1. Go through B:ALA81, B:ALA92, B:ALA65 for me and flag whichever is in contact with a Leu (Cβ under 6 Å, 6 or more places away or on another chain), assigned to a loop (DSSP other than H, G, I, E, B) and not acidic (Asp, Glu).
2. If I ask for residues that are more than 9 Å from chain B (Cβ to nearest Cβ), within 19 Å of A:GLU72 (Cα to Cα) and touching a Lys or Arg at 6+ places or on another chain (Cβ under 9 Å), which ones from the range A:33-48 would you list?
3. Report the residue count in the range B:17-58 for those that are away from every other protein chain (no Cβ under 14 Å), over 25 Å from B:ALA1 (Cα atoms), of a type in the set (D, E, K, R) and assigned to a loop (DSSP other than H, G, I, E, B).
4. Which ranges mark the strands (runs of 3 or more DSSP E) fully within the range A:8-99 that have 2 or more residues being among the acidic types (Asp, Glu) and either in contact with a strand residue (DSSP E or B) (Cβ under 8 Å, 6 or more places away or on another chain) or over 21 Å from B:VAL93 (Cα atoms) (or both)?
5. Among the candidates B:LEU88, B:LEU102, which residue alone is over 28 Å from A:TYR50 (Cβ atoms) and either in contact with a helix residue (DSSP H, G or I) (Cβ under 7 Å, 6 or more places away or on another chain) or not acidic (Asp, Glu) (or both)?
6. Determine, yes or no, whether B:MET101 is in a strand (DSSP E or B) and either surrounded by 15 or more Cβ atoms within 10 Å (Cβ to Cβ) or not acidic (Asp, Glu) (or both).
7. Return yes or no: is B:TYR61 at pLDDT 90 or above, within 11 Å of chain A (Cβ to nearest Cβ) and touching an Asp or Glu at 6+ places or on another chain (Cβ under 8 Å)?
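The values are calculated or read from the model by the stated rules, or taken from the named source; none is laboratory data. Please read these numbers as outputs of a predicted model, since none were measured by experiment. With ideal geometry, Cβ positions are generated from the backbone for all residues, glycine too; neighbour counts draw on all protein chains shown.
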Amino acid sequence: DAGITQSPRHKVTETGTPVTLRCHQTENHRYMYWYRQDPGHGLRLIHYSYGVKDTDKGEVSDGYSVSRSKTEDFLLTLESATSSQTSVYFCAISDSGTGISDTQYFGPGTRLTVL
Amino acid sequence: AQSVAQPEDQVNVAEGNPLTVKCTYSVSGNPYLFWYVQYPNRGLQFLLKYITGDNLVKGSYGFEAEFNKSQTSFHLKKPSALVSDSALYFCAVRDDGAGNMLTFGGGTRLMVKP
């Protein structure tokens, strides 16, 4: 999985609790991404980062925040988890040259269940 | 806006037969197209991509894809399917005016039967 780890790999939590997912890369890639995967929707981009402390919103960013204090780590936080955030979360990385032709490489995923 | 459609939720094929997984796209600029495969409980693995040049792109594990600009399609193909090819396949597109935003299709499950 291209030098990408995600933790935890599985988590069950209750509605209203905060949750933080971690993505760690050993590739020194500039770009990092958080996606969620839901049946029938493919993968949808939540947030991405184009450098330390540089982040931007994706397609489904409501209810999520991110932080990147080091090149290798990208954190996704659900401030107050809801059942609609039950999903599988994937981190991805890419080494942007022009950005256009970059391939994104994915981590193993985190399965989050919000009860 | 960019979008991707994978019209088949599932494709069934017998081992040894050729397989095709369909993908059509919509972009306002030039498309950059990708195929990924996902095995159970794993992340997505990159198969191949089309950026420019030859319309037939060869990728990992014997897969190839044909870019057809007039039909706005990028179908994934393999001449002879293996049971081990059974997995979930995703097509994705990036518009050259959309920065790093990659849009995925809903996925197609490929089932290869012995």
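1. B:ALA81
2. Across the range A:33-48, the qualifying residues are A:ILE46, A:HIS47.
3. 1
4. The qualifying strands (runs of 3 or more DSSP E) are A:54-57.
5. Going through B:LEU88, B:LEU102 in turn, just one is over 28 Å from A:TYR50 (Cβ atoms) and either in contact with a helix residue (DSSP H, G or I) (Cβ under 7 Å, 6 or more places away or on another chain) or not acidic (Asp, Glu) (or both): B:LEU88.
6. no
7. Values: at pLDDT 90 or above: yes; within 11 Å of chain A (Cβ to nearest Cβ): no; touching an Asp or Glu at 6+ places or on another chain (Cβ under 8 Å): yes.
No.
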